[in-house]
Amino acid sequence: MQLNGGQRLRALRETLGYRMRDVELASNQIARRFDSEEFAIPPSRLSDIETKGITPSIFRLYSFAAIYRREYRELLSFYGLELDGISADISSGRPQKSHLSEVLSNVTQVRMPTRLDPGFSLQKTTDLRRAIEQWGAVPMAYLELFADDQYTYGYIGTDDFTMYPILPPGSFVQVDETKNKVGEGVWRSEFERPIYFVELRDGHTCCWCSIKRDSIVLQPHPLSPVSVRILRYPQEAEILGQVVGVAMRLGDWHYSDFQPTQKVRSTLTRDVHGQLGKEA
């Protein structure tokens, strides 16, 4: 049987051999040290907490933690409040001013990948959800944001310079799977134009996309050494979603040693562009 918060506090008290009177006397000492009756736990209030589902105040919970020699956050968990989960809620507020934040400094555990598919390669752009074989609890707070089922997460392979320099190799991207249709429009800058995470027959890539009847144009960044690709859609390319977040290191990547494909139009590309122009 699952115990409620009060029952779990009672179990702790009985395990330590405390009587209600013992808890009262100990809490009175704490109250005197703080010069505040808020920390005191009289027997009548202790009985209500243990048997009637009354939630103790933050001050009395402090007294319980000290008297029962337990972590304060553990007692909070008795009432369904897990401080380690706070990282999942920090995006609910959107401050207008830049600032330093200490909200995650005391988070102890989050869920993150602890075992990857042995075939995972840093050289190839990858859908991380498929590469993760096991999740576990580890002390890396910001990765708790990865638990949202609306998103999948990709890794830009070290050989993938398609969206360089705005998405350098080695970046992690957050992909909104609900936005898996190519949007058309006029964008004022390259940062406004949607970037899509695309699954190909031989792997994945991030790029700008446009749809022309039964063809999809995979458009790299103009400064990238990668050529435009035109594939059959959706037979040869599937849009998994739109990139809505990115984590990257700056200043680590350059493609001076990269061997780009020659940026010339193949016969197929010229034929497709000519056909699309005639149809337009």
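Among the residues of region 96-113, is there at least one that is aliphatic (A, V, I, L, M), modelled with pLDDT of 65 or more, crowded, with 18+ Cβ neighbours inside 10 Å and in contact with a strand residue (DSSP E or B) (Cβ under 9 Å, 6 or more places away or on another chain)? Checked against the condition, which is being aliphatic (A, V, I, L, M), modelled with pLDDT of 65 or more, crowded, with 18+ Cβ neighbours inside 10 Å and in contact with a strand residue (DSSP E or B) (Cβ under 9 Å, 6 or more places away or on another chain), region 96-113 yields no hits at all.
Pick from P234, P220: which is surrounded by 13 or more Cβ atoms within 10 Å (Cβ to Cβ) and out of contact with any Leu (no Cβ under 7 Å at 6 or more places or on another chain)? Sole residue among the options that is surrounded by 13 or more Cβ atoms within 10 Å (Cβ to Cβ) and out of contact with any Leu (no Cβ under 7 Å at 6 or more places or on another chain): P220. Filtering A11, A66, A31, A26 for residues that are within 19 Å of G80 (Cα to Cα) and either small (G, A, S) or without any contact (Cβ under 8 Å) to a residue 24 or more places away in the chain (or both) leaves a single hit, A11. With respect to the conditions (1) in contact with a Cys (Cβ under 9 Å, 6 or more places away or on another chain); (2) under 16 Å from F161 (Cβ atoms), S227 falls short on a single one, namely (1). Listed here are the strands (runs of 3 or more DSSP E) enclosed by region 158-261 that have at least 1 residues being small (G, A, S): 203-212, 215-219, 237-247. Look at region 211-222: where a residue is farther than 17 Å from D160 by Cα and a partner is basic (K, R), sitting 6+ places away or on another chain with Cβ atoms under 7 Å, you get D214/R232; S215/R232. When S171 is tested against (1) under 15 Å from G241 (Cβ atoms); (2) in contact with a Cys (Cβ under 9 Å, 6 or more places away or on another chain), just one condition goes unmet, and that condition is (1).
The values are calculated or read from the model by the stated rules, or taken from the named source; none is laboratory data. The shown structure was predicted, so the numbers you read here are calculated from the model rather than taken from an experiment. Cβ sites come from the backbone with ideal geometry, for glycine too, and all protein chains shown count toward neighbours.
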